[in-house]
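Let me begin by presenting the structure, written as structure tokens, before commenting on it.
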Amino acid sequence: MENTVSFQEYLLSKGYLFDPKIIENYLLSIKVKPFVIFTGNSGTGKTKLSQLFAEYISDSTQNSGNNSSLIKDNEFLSVKVPVNKSSFENTGWTLSNKYLYDVLPIKESQCDCDILVDNIPAKAYVRVQMQLEYDKNNEKLKNYFKNLFSQDSAKIVDLKINIGAFKEIYDRKSNNEDFIILEQNSNKTAFNERQWFMNNNIFNYLPFKSGYVNCNIVVKNIKSAAKIRLMPRLYFKKNEELQNYLKENEGKKS
């Protein structure tokens, strides 16, 4: 079966970014000779690139991805979003991570961890969520969702996001820190729900850029400008000592 995406697009769908010139030279070299010799420092992706190319040319591997839309459509990533009040009042959603695993290293950025809050230990875990907001001035799209909501508030629709936006939000970093230090506000969400949206300094340790990245979306042939951002969130497990401490120090930074 013929591949319908380029090797560069395939790499992006797997969460890897290589210099396009390196990819071009690599593919040209393979066409000329049956082998290629890589040179470079350890950990720069020499072995991984060859492994990914082997996967790319394998029909069974090429068609086994969770997100078949990347194979069918090499310009947009298809996701499903609910038709709810947020779709036209807030013009946005929190996207399900299952649509993002093939284009961003979401899984690799989520983990269980131990935290220490002013010397109080706790068990915790980090999760990453993506928020998408479309242009609030796009009345056509807002009315589309509003009309759908009046007919069926449980409806789910397809939404497409241009692939290039994920390249913009991806930021490969190399960090081998055993621990990190962040300041978080003690608020009701912290001591009642045991969670925080993490301080932006966390992006120094994650392979993503902080803040919004512009993108384009399409819903039922209605186009709109939009923006996406990743929101790392830290949850800690039930811990009465820590929750009481945070409640007593509400409004302070920990």
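The values are calculated or read from the model by the stated rules, or taken from the named source; none is laboratory data. Since we're looking at a predicted model, the values are computed, not measured. Here the Cβ is made from the backbone with ideal geometry for all residues, glycine too, and neighbour counts use every protein chain on show. These accessible areas exclude ligands, DNA and RNA; they are computed on the full protein's heavy atoms, side chains included. Shrake-Rupley method; radii C 1.70, N 1.55, O 1.52, S 1.80 Å.
Would you be able to say whether some residue in the stretch 189-202 is under 30 Å from PHE18 (Cα atoms) and among the acidic types (Asp, Glu)?
Filtering the stretch 189-202 down to residues under 30 Å from PHE18 (Cα atoms) leaves 198-202.
Subsequent filtering for residues that are among the acidic types (Asp, Glu) retains none.
Within the stretch 189-202, none of the residues are under 30 Å from PHE18 (Cα atoms) and among the acidic types (Asp, Glu).
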> For ASP135, are the conditions met, namely being open to solvent by 40 Å² or more (accessible area, probe 1.4 Å), farther than 19 Å from ILE217 by Cα and of a type in the set (D, E, K, R)?
Replying inline: no
>> Just checking, does the stretch 47-60 include any residue being modelled with pLDDT under 80, open to solvent by less than 50 Å² (accessible area, probe 1.4 Å), closer than 30 Å to PHE145 by Cβ and out of contact with any Phe, Trp or Tyr (no Cβ under 8 Å at 6 or more places or on another chain)?
In response: no
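Here's the yes/no breakdown for (1) closer than 30 Å to LYS136 by Cβ; (2) open to solvent by 20 Å² or more (accessible area, probe 1.4 Å):
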position	(1), (2)
THR189	yes, yes
GLU193	yes, yes
LYS209	yes, yes
TYR212	yes, yes
VAL218	yes, yes
LYS227	yes, yes
PHE236	no, no
LYS253	no, yes
> Looking only at the stretch 154-186, which residues are polar (S, T, N, Q), open to solvent by less than 30 Å² (accessible area, probe 1.4 Å) and either at pLDDT below 85 or within 22 Å of TYR212 (Cα to Cα) (or both)?
Replying inline: GLN184
> From the residues in the stretch 91-123 that are in contact with a Pro (Cβ under 8 Å, 6 or more places away or on another chain) and assigned to a helix (DSSP H, G or I), which one is farthest from LEU206 (Cα to Cα)?
Replying inline: GLU108
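Being at pLDDT 70 or above and either exposed (fewer than 12 other Cβ atoms within 10 Å of the Cβ) or in contact with a helix residue (DSSP H, G or I) (Cβ under 6 Å, 6 or more places away or on another chain) (or both) is the filter here, so list the residues in the stretch 20-35 that pass it. Give the derivation first.
Initially, the stretch 20-35 is screened for residues at pLDDT 70 or above, giving 20-31.
Passing the criteria: PRO20, LYS21, ILE23, LEU28, LYS31.
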